[in-house]
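In what follows, a structure is listed as structure tokens, so that the remarks can point back to it.
The values are calculated or read from the model by the stated rules, or taken from the named source; none is laboratory data. Predicted model, so just to flag it, every value in this text is computed and none were measured. Here Cβ is always computed from backbone atoms with ideal geometry, including for glycine, and neighbour counts include all displayed protein chains. Accessible surface areas use protein heavy atoms only, side chains included; no ligands, DNA or RNA. Shrake-Rupley method; radii C 1.70, N 1.55, O 1.52, S 1.80 Å.
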Amino acid sequence: MLETFLQVVVNGLMLGGLFAIISIGLTTIFGIIKVVNFAHGEFLMAGMFLTWLFTTKLGLHPYAAVVVVAPVLFVLGGLTQKLLIQPLMNARDEHIQIFATVGLSTAMINLALLIYGADIANTPAYGLRTPLEFGPIRVLEGQLFILGAAILLVIGMELFLRRSRTGLAIRAVAQNRTAAQLMGINVNWIYVLSFGLGAACVGIASVLVAPLYPTSSNIGTYFVLIAFVVVILGGWGSIPGAFVGAMVIGLIDSLSGFYIGADLREAVVFGVFLVILILRPSGLFGTKQKLSHIS
Amino acid sequence: MLTLENIHAGYGATTILHDVSLDVQAGEVVTIVGANGAGKTTTLRAIAGQIRPTSGHIYFEGRDITKLAAHDVVDLGITMIPEGRQLFPDMTVRDNLMLGAFRSGARSVQNETLDYVLDLFPRVSERMDQMASSLSGGEQQMVAIARGMMAKPRLLMFDEPSLGLAPIIVEQVFEVVKKVAASGATVLIVEQNVFTTLQSADRGYVLENGEIALSDTAEALLSNDHVRRAYLGI
């Protein structure tokens, strides 16, 4: 009984790690630029395809693909900001940006269909799908790496934002863009950098997820909904919040799936999500978005 | 040091500044006074590179800066202390000050500048680890000025530093402006508080409906009939 319970909790934590790793980039981009990237899932899809390509063509371990995938996604994110979002930043209606990223999402899905087709691409697992046994508890090796990477990425991003000079400039832009400009900070460059950084986080997620999940043109839509739930629950823009949100959703998913019923899993997850949102509309770690005024 | 030549500027289709020309010499305290909506802030924003003039030129130390981006203007040593303080609310006073020293010319000497600035603002040094949003309006204005000085600017521009502050705090703010000027900085200050400002300035421009109506020494403006009637209520 206890062993089963422990196993279910561990499964929940592993799932939480997965949800966390796919959400960090989304909340980073929103926290700084205040743009919701609806193409987030498709960035993940692109990263997973790149990982698959790298692994199958070069015969290397999928994790090694990070040296290619993270920089490529960084550039993709930076270009998205520079070419798509920035021209719209002064648009009268901010919702235009939403349509732009939704459009990008659709375009990327169709591009993937055009290039690869509707088939599934399986990235070689290199033993990452092998269960490891800790006494009675079993976890996949790849899941442990995902959880570890998620923790490191959250800590790394927080340290970068809080301790480095560039991080200070990024937080300044996030809190008051006009004032940041008055400090001599190139705000547009910070936006490009931040979108790139968020996308690079998705790139890191891609190489970790690809060996465990089959890649296809619509894999983004499969993951993106849960990423949104996690980010909203944690509080938009909060990286540690996204991590905690991911753990909460992972645990609820796993526990309800086992003790209530697999087919009611999603109903419970979204039910709890709604209740938390009603009680704390700005999320667990969210503050009300004070955009640029203080007096 | 700073010269504006026949500047026309505004927002979208609305022209606010009509043929504004003015100059500021190194070491001077120059003020632009005028009623609300006369175009004072627009003038500063044009200098700061936040809006682009539709015609005319702005020169800083001989260089045409009319088309420079806002952050590049800051890099040249022109710092604006904006209306309404515009601090970074969820950062400590220390981080706010450090951001003031972001421009390339100020970064390498930021610790020395900090000592110097805190000497000028003893009240600020007591609040270093507090969040900017937790300070009173007067304290926030002091931090905003201190942050501006962290940039080691060659030209420091104040946009309505007294706005929304209690009279006693306004006095303190102008004391600080005098200290800043005494330290050798060149100051351009925009105000609706005409009397106090002219008392602390060397020269002044009176801006009316986006045009320079008068320009003279501060002393002469204080005794000018038009200024006395229209702005001093005498």
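A few notes on this one:
- Extent along principal axes [Cα atoms of the protein assembly as shown; Å; largest to smallest]: 91, 47, 41
- A quarter of the convex hull surface defined by the alpha-carbon atoms of region B:1-143 gives 9.6 nm² as the mean projection.
- 14 Å Cα-Cα reach of B:K152 towards aspartates and glutamates, excluding residues that sit fewer than 8 places from it in its own chain: B:D75, B:E112, B:D115
- Protein-only accessible surface order, largest first, of B:T196, A:T106 at 1.4 Å: A:T106, B:T196
- Solvent-accessible area of A:R162, all protein chains in place: 140 Å² (probe radius 1.4 Å, heavy atoms, ligands and nucleic acids excluded).
- Inter-part distance where region B:167-217 and region A:1-41 are each reduced to a Cα centre, Å: 55 Å
- FRET efficiency, 1/(1 + (r/R0)^6) with R0 60 Å, evaluated for A:M1 and A:Q86 via beta carbons: 0.60
- Here the Debye sum runs over all C-alpha atoms of region A:2-279 as equal scatterers in vacuum, and log10 of I(q)/I(0) at q = 0.07, 0.11, 0.12 Å⁻¹ comes out as -0.25, -0.63, -0.75.
- Computed over protein heavy atoms with a 1.4 Å probe, the accessible surface of region B:1-156 works out to 38 Å² per residue.
- Residue-count net charge about B:M1 - beta-carbon cut-off 10 Å; Lys, Arg +1, Asp, Glu -1: -2
- Within the shell of other residues whose beta carbon sits under 11 angstrom from the beta carbon of B:G105, the net charge comes to +3, with Lys and Arg scored +1 and Asp and Glu -1.
- 3J(HN,Hα) along region A:218-226, derived from phi through the Karplus expression 6.51 cos²θ - 1.76 cosθ + 1.60 where θ = phi - 60°, amounts to 9, 5, x, 5, 5, 8, 5, 4, 5 Hz, with x in place of Gly and Pro.
- Here the Gaussian network model covers chain A, with springs between Cα atoms less than 10 Å apart; of A:M157, A:M14, A:M89, A:M89 fluctuates the most.
- DSSP-assigned coil residues among GluC sites (Glu not before Pro) in region A:66-165, each with at most 16 further Cβ atoms within 10 Å: A:E94
- Local net charge near B:S200, Cβ-Cβ under 15 Å (Lys/Arg +1, Asp/Glu -1): -4
- For region B:84-102, a reduction of at least 40 Å² in accessible area between the chain on its own and the assembled protein chains (probe 1.4 Å) is found at B:Q86, B:F88, B:P89, B:D90, B:M91, B:L99, B:F102.
- Interchain or long-range residues, amide H under 5 Å from B:M157's placed H: B:T79, B:M80, B:I81, B:L188
- Computed P(r) (all Cα pairs; region A:109-180; 5 Å bins; percent): 3, 12, 10, 10, 9, 12, 13, 14, 11, 4, 1, 0
- Residues in region B:44-66 reached by a label modelled at A:N188 [backbone nitrogen below 17 Å; 7 Å Cα→Cβ]: B:48-53, B:66
- Among the trypsin sites (Lys or Arg not before Pro) found in region A:89-139, those both in a DSSP coil and sparsely packed, with 15 or fewer other Cβ atoms within 10 Å of their Cβ, are A:R92, A:R129.
- Put simply, chains B and A cover up around 2300 Å² of each other's accessible surface, both sides summed, when a 1.4 Å probe is used.
- Cβ-Cβ FRET estimate between A:L277 and A:I96, R0 fixed at 30 Å, reported to 0.05: 0.70
- Rounded percent of accessible protein surface that carbon and sulfur make up, the protein assembly as shown, 1.4 Å probe: 60 percent
- Threshold 30 Å², region A:174-218 residues less accessible with all protein chains present than alone (1.4 Å probe): A:Q175, A:N176, A:A179, A:Q181, A:L182, A:M183, A:G184, A:I185, A:N186
- Residue-wise HN-Hα couplings along region B:69-78, as the Karplus relation 6.51 cos²θ - 1.76 cosθ + 1.60 with θ = phi - 60° gives them from phi, are 6, 3, 5, 6, 4, 4, 4, 6, x, 9 Hz; Gly and Pro carry x.
- Nearest-0.05 FRET efficiency for A:T130 and A:F160, computed from C-beta distance (R0 41 Å): 0.80
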